[in-house]
Amino acid sequence: MDIQKPGRLPSGRTEIPFEVPLKAKGNKVLYETYHGVFVNIQYVIKVDMKRSLLNKDVQKQCEFIVEYKEQKEKVQPNPHKFIISPDTLLNIKEKGSVPKFKIAGKLNATNCSISKPFTGQLMVEHSHTPIKSIELQLVRVETCGCAEGYAKDATEIQNIQVADGDVCRGIVIPIYMLFPRLFTCPTLTTNNFKVEFEINIVIIFQDDRLVTENFPIKLLRH
C-alpha cells in the first residue's frame, strides 16, 4: 500500500503516520508471535522508498509483535501437588542406583497465565546423598509434520537455579519464574504443528548424578 504520494521530502525529519488492519487472508489464522527452534511465527513490516533513476531505492524491515487481548473468562489454575522420590521416577532401569531422597512440593498452577509468573514451592524432606543444586527448566515441545508423519522435539528455553548446595531439610523453597515473551506463546495446536510447554524439576547430587521430574503445563492468555 502507498502511504506517501510521489514528490520531494523536506529537509530534516519527516514522520508519515500510517495504519494497517491486521486481517488474515481467507480462512487462515494470525497466531501470536513465537520464536522457536523448529516452529517460528514472525510478522515483519517492510518499507520501500522508491527513488529517482540515478539513486538506489531504500528498503527497511522491522519485526512487530502480535499478541491477543487477555481472555475475560476465568480459567481454573489447576494446582498440582507432587512428591519426587526414587519410587516416583520413570524410565529408570535400576532404581537401587538412585540415591534415597524425598522432595515434596506444589505447583500453584498448571494452567498458567503467560503474562504472570510461574510460582510454587518445594521442600527437601530427606536425602541420604548431599544435594549440589536444584534447578527449574522451562521446555518447549514442538511437533511438526503432515499426513506422512510427525516429528516431535523438546528443547530447553531457560534454566533457573532455585537452590544451591545441600539445602536444609524441611525448609520451604519458593519457585518463581517469568515466561520469556519471544520464546513462549499460548499453547498452540493446529493441523500441521503444535507448540506445548513443560516444566522440569532437576535435582543434582554432589556426585553429579541427577534426577528429573517432568510436569506438562498449558500456557494461556487470561
**OP:** For the stretch 92-165, just say rounded, prolate or oblate: build the C-alpha gyration tensor, square-root its eigenvalues into a ≥ b ≥ c, call rounded for a/c under 1.5, and beyond that prolate if a/b exceeds b/c, oblate if not.
**Re:** oblate
**OP:** Mind ranking 8-20, 46-58, 157-169, 199-211 by how tightly packed they are, going by the mean number of other C-beta atoms within 10 angstrom, highest first?
**Re:** 199-211, 157-169, 46-58, 8-20
Original post:
How far, in nm, would the chain grow between Q4 and M49 when pulled straight, counting 0.36 nm per residue and subtracting the alpha carbon separation?
Top reply: 15.2 nm
**OP:** Go through P117, C168, V195 and say which Cα lies farthest out towards the positive end of the charge dipole of the stretch 80-222; charges sit on Cβ, +1 for Lys and Arg, -1 for Asp and Glu.
**Re:** P117
Original post:
Given H placed on each backbone N at 1.01 Å, which residues far from H222 in sequence or on other chains put an amide H within less than 5 Å of it?
Top reply: Q71, I114, S115
Original post:
So between H35 and N200, what do we pick up on full extension, going 0.36 nm a residue minus the alpha carbon distance?
Top reply: 57.4 nm
**OP:** Can you figure out the FRET efficiency of N192 with F215, using R₀ = 35 Å and their beta-carbon distance, to the nearest 0.05?
**Re:** 0.85
Original post:
When the solvent-accessible surface of protein heavy atoms is calculated with a 1.4 angstrom probe, in what order do M1, M177 fall, highest first?
Top reply: M1, M177
**OP:** Would you rank Y68, Y43, Y34, Y176 by solvent-accessible area, highest first, keeping every protein chain in place and using a 1.4 Å probe?
**Re:** Y176, Y68, Y43, Y34
**OP:** Distance check, please: which entries in K74/K194; K28/K74; K5/K194; K28/K81 exceed 32 angstrom between their Cα atoms?
**Re:** K5/K194; K28/K81
Original post:
Placing +1 at every Lys and Arg Cβ and -1 at every Asp and Glu Cβ, with all other atoms neutral, what dipole size does the chain have around its Cα centre, in debye to the nearest 20?
Top reply: 840
**OP:** Go through T184, V211, T129 and say which Cα lies farthest out towards the positive end of the charge dipole of the stretch 104-222; charges sit on Cβ, +1 for Lys and Arg, -1 for Asp and Glu.
**Re:** T184
**OP:** Leaving out ligands and nucleic acids, note down the accessible area per residue over the chain with a 1.4 angstrom probe, in whole Å².
**Re:** 68
**OP:** Over the chain, with every protein chain in place, what whole percent of the accessible area is carbon and sulfur at 1.4 Å, could you tell me?
**Re:** 52
Subject >> Counted charge near A154, where neighbours are those whose Cβ lies closer than 15 Å (Asp, Glu -1; Lys, Arg +1) >> reply: -3
Original post:
Based on the Cβ-Cβ distance of V58 and T119, what FRET efficiency does E = 1/(1 + (r/R0)^6) give at R0 = 45 Å, to the nearest 0.05?
Top reply: 0.40
Subject >> F183 long-range amide H proximity, modeled H, under 5 Å >> reply: H35
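The values are calculated or read from the model by the stated rules, or taken from the named source; none is laboratory data. These numbers were taken from a predicted model, which means no experiment stands behind them. With ideal geometry, Cβ positions are generated from the backbone for all residues, glycine too; neighbour counts draw on all protein chains shown. Calculation scope for accessible area: heavy atoms of the full protein, side chains included, ligands and nucleic acids excluded. Shrake-Rupley method; radii C 1.70, N 1.55, O 1.52, S 1.80 Å.
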